[in-house]
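The values are calculated or read from the model by the stated rules, or taken from the named source; none is laboratory data. Everything numeric here is computed off the predicted structure, so don't read it as measured data. Virtual Cβ from ideal backbone geometry, glycine too; neighbours counted across all protein chains shown. Just so you know, the surface numbers come from the protein's heavy atoms only, side chains and all, with ligands and any DNA or RNA stripped out. Shrake-Rupley method; radii C 1.70, N 1.55, O 1.52, S 1.80 Å.
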Amino acid sequence: MTKSYITSSTTGNGGTLTLVGFGPGSEDHLTPIARRAIEGADIIIGYRTYIDLVRPLIQKKTVIETGMTEEIDRATQAVELAYSGQNVALVSSGDVGIYGMAGLTYEVLEEKGWTGREVEVAVIPGITALSACASLLGAPLMHDFASISLSDLLTPWDVIRRRLKAAAEADFVVALYNPRSSKRVRQVEEAREILLAHRAHDTPVGIVKSAMREGEVVVISTLDAMLTHPIGMLTTILIGNSQTRLVSGRMVTPRGYRNKYNLDTGVRIKKENA
Ligand code: SAH
């Protein structure tokens with residue numbers, strides 16, 4: 001039997017609100033449970049571009065499409081409709097719980113006095129941009145990493161700068177979401193400078209646009225040269241740590257096996273004075 005994706009119990013006469021991450025874009029990277037959630041909903045709500053990506057699944061349903069900056073509208077409508085008894089799916093690309101709509105929706109529910117019973121709320125995770133992009137680049141996230149969004153619309157730039165510095169200093173691999181928009185161009189330049197204060201100029205940098213959707217572009221560059229490549233709203237950047245290197249053109253961050261094992265034979269290297 002297939003387990004229901006709704007886990008909370010309800011007593012109200014409200015509907016359901018399912019927050020669905022549908023992955024980077026291609027249907028192959030949409031999980032079966034996300035597909036069922038979209039197909040099973042009465043109403044689908046999402047940002048116009050995202051709706052386009054799942055259009056084949058939602059042919060006869062009511063669809064509410066909104067612009068990118070209408071996030072609060074989207075969350076509020078989704079909550080209202082669920083309260084009125086509808087089964088609503090609110091869709092976001094990647095993982096809905098990673099820079100997606102899940103947090104805001106819970107805040108809107110909180111504002112409405114939701115106790116957990118009036119409507120059923122469930123979050124369906126999806127493949128987030130950093131794992132989709134990492135897979136196209138090689139294996140850059142094999143060691144500790146920090147994910148940082150460069151969007152300062154909601155987060156003060158000082159906070160973002162502090163996080164960039166801390167991640168750079170601590171030698172985390174760094175994933176940059178929202179690196180640049182047409183109006184916001186300076187942030188990625190400053191991020192690069194902060195990283196360069198702690199990392200070599202030839203540190204590998206992966207720049208992926210539109211992973212697993214139409215228009216996909218995968219570039220491997222360096223901290224030095226990264227800004228010579230196009231970077232925009234649909235790009236995620238992965239910056240290597242001090243150990244990240246290229247293996248036949250793939251970006252790989254070693255986990256440390258080579259220090260402990262002979263990778264040819266699999267035999268553990270004995271410590272000299274052991
Ligand atoms: N919830 C999404 C992230 C939304 S924030 C997720 O989990 O993936 C929007 C940012 O995500 C973009 O600016 C870009 O940095 C990144 N992004 C989303 N989809 C992408 C894709 N298919 N390829 C590359 N980057 C992507």
Over the Cα atoms of the range 16-127, how large are the radius of gyration and the largest Cα-Cα distance (Dmax), in Å? 12.5, 38
When the dipole is taken about the Cα centre of the range 122-274, and only Lys, Arg (+1) and Asp, Glu (-1) are charged at their Cβ, what size is it in debye, to the nearest 20? 280 debye
For the chain, build the charge dipole from Cβ charges (+1 Lys, Arg; -1 Asp, Glu) around the Cα centre, then report which of Leu137, Val96, Ser149 sits farthest towards its positive end. Leu137
Which listed residue (Tyr261, His198, Leu176) has the Cα farthest towards the positive end of the charge dipole for the range 117-274, taking +1 on Lys and Arg C-beta and -1 on Asp and Glu C-beta about the Cα centre? Tyr261
Any idea which of Gly113, Val54, Tyr83 is furthest toward the positive side of the dipole for the range 16-127, if Lys and Arg beta-carbons carry +1 and Asp and Glu beta-carbons -1? Val54
Note down the accessible area of Leu57, probe 1.4 Å, to the nearest 10 Å². 20 Å²
With a/c under 1.5 counting as rounded, go ahead and sort the range 130-257 into rounded, prolate or oblate using the C-alpha gyration tensor (a ≥ b ≥ c being the square roots of the eigenvalues; past the cut-off, prolate if a/b is larger than b/c, else oblate). oblate
Working with all protein chains in place, sort Glu110, Glu80 by solvent-accessible area computed with a 1.4 Å probe, largest first. Glu110, Glu80
For the range 16-127, size of Cβ-based charge dipole, Lys and Arg +1, Asp and Glu -1, in debye: 320 debye
Rounded if a/c is under 1.5, else prolate if a/b is larger than b/c, else oblate: which is the range 195-274, with a ≥ b ≥ c the root eigenvalues of its Cα gyration tensor? prolate
For Asp52, the accessible surface traced by a 1.4 Å probe with all protein chains present amounts, in square angstrom to the nearest 10, to 90 Å²
Pairs of Cα atoms under 8 Å, at least six residues apart: use those to get the relative contact order of the range 16-127, whole percent. 44 percent
Dipole in debye (nearest 20) - the chain, about Cα centre, beta carbon charges: Lys, Arg +1; Asp, Glu -1: 900 debye
Count of lysine pairs in the chain with Cα atoms under 28 Å apart, counting only pairs 8 or more residues apart in sequence or on different chains? 8
Express in Å², to the nearest 10, the accessible area of Thr265 obtained by rolling a 1.4 Å probe over the protein heavy atoms while all chains stay in place. 90 Å²
Taking the Cα centroid of the range 100-176 and of the range 180-204, what is the distance between the two, rounded to the nearest whole Å? 19 Å
Pop out the ³J(HN,Hα) list for the range 145-157 in order, Karplus 6.51 cos²θ - 1.76 cosθ + 1.60 with θ = phi - 60°, rounded to Hz; leave Gly and Pro as x. 9, 10, 9, 10, 8, 8, 6, 9, 5, 10, 10, x, 4
If I compute solvent accessible area with a 1.4 Å probe over the protein chains, what percent of it on the range 16-127 is carbon and sulfur? 49 percent
Percent of Cα-Cα distances greater than 26 Å, calculated over the chain: 50 percent
